[in-house]
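This report concerns only the one structure given below.
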């Protein structure tokens, strides 16, 4: 055997010995015979579910959490999402007469302003409370319930000076919310704010906080005049644009306020929200439902909250009451009764007066002609009670305008029937057919104008530069060649019903069907 073969034999023997020793050591050490993944699966399968801990000290928090959830579940079905729409007329560049339909971008078109907010159902027959600024000037108001049903709402009345409005919908199965007593609300108690912040994407949102303060007045609120009543409940529950009109709810499930405003440099929530006390809103609501308007009484004085100096001057032990700053009119009932500038009103009919907002409510919702006993404090601690016969507040609140529509007498092209679609049309003539390169079998009515925000808005097109103009071929399967054809076809449909239109679009060179709900 050569020396080289002997060396290979020795090497093989050493390898075999090493392998045998490896097997021996593996047996002695009892190494696992599973893969890593298999072992992880075996361990995961043996992990037991850990029971929830019992923490007695946390029980009050658990009960509060349960209360919030229960109140939210009870109140959310009473909250509504409100969409409003109003038209603002703007002036655009004019074009030569008769050329408007070829230059739709240069026609005088109204701008459509759309907004959204919140509200809540206060009666099973469809009355809804919200803010005036949510629906002010609206030509169309739509209410959506939590169950996604939608209804056209009628504005029963609104009062800018309290920012309260009442709507009415014709719906069944409504769940009204309980109205509480905002006078009983205490600073520091928990509240929930429910509404639709920031529009469509965050509807029916619930936030929590506390009553931070009462009797707040906010300077610079738009739309507030001489009769403005500001007696807000302040809360740190998150309120944002879109929450307006929604309820501020106590842990008892009662509405104590209508979310109305925020104090913010950015326009978004920064910790300070304000709600109209429900007692004030209820008084306005009752008048709007009963008479459609709000009648207020007045003392005929200009007033402000008492300062430290006012209180000291008239000998008050605490800083409360309302100081008479001026009597602006010679026929003021307060002046006739003997009230003077500088007097501090401390009680009405025996009930203490704390602040301006409170006095405005006590007096404002009495009837003109009522006689009230007003107690005033004067220099040196003098107290005097006088009888004041209230007068009507001179500034009248604005009311929502009633819907009006022109009768369809057939003398105006399209008339009211055409307005139900929100369009203007004209027959397809030979010239128009040539301009639009229409096939010989396509005849009907070319859409020359679509009312922004109307029933056909963003469904039918009139602009050649933007998917148009559409050609209406039929209504509910009936061919239409003239405006009279279209008018007659629409007359056969009930207001608010949905109609099927056969459409041809020259740009797409194809037909389509569109369904549009007719205007009421």
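Derivation of every value follows stated rules applied to the coordinates shown; laboratory data play no part. Bear in mind that the values here come from a model prediction, so they are computed numbers and not experimental data. Glycine gets a Cβ as well: all are built from the backbone with ideal geometry, and neighbour counts include every protein chain shown.
When the Cα gyration tensor is reduced to axis lengths a ≥ b ≥ c, the ratio a/c is 1.5 or higher for the stretch 297-392, and with a/b above b/c it is classed as prolate. A simple spin-label model places pseudo-atoms 7 Å from Cα toward Cβ; at residue 154 and residue 286 they are separated by 2.3 nm.
With R₀ fixed at 30 Å, the C-beta to C-beta distance from residue 268 to residue 52 puts the FRET efficiency at about 0.20. Working from label points 7 Å from Cα in the Cα-to-Cβ sense, the residue 478 to residue 217 distance is 6.3 nm. Available extension along the chain between residue 373 and residue 124 is 85.8 nm, counting 0.36 nm per residue and deducting the alpha carbon span. If R0 is taken as 51 Å, the Cβ-Cβ distance between residue 520 and residue 392 corresponds to a FRET efficiency of 0.90.
Going by a ≥ b ≥ c, the root eigenvalues of the Cα gyration tensor, does the stretch 179-291 fall in the rounded group (a/c under 1.5), the prolate group (a/b larger than b/c) or the oblate group? Rounded, because the longest to shortest axis ratio a/c is under 1.5.
Annotation: Cα Rg of the stretch 415-517 relative to the compact-globule expectation 2.2 N^0.38 Å equals 0.98. Maximal additional length on extending the residue 295-residue 200 stretch stands at 30.6 nm, based on 0.36 nm per residue less the C-alpha distance. Between residue 114 and residue 426, the FRET efficiency estimated from the beta carbon spacing at R0 = 30 angstrom works out to 0.55.
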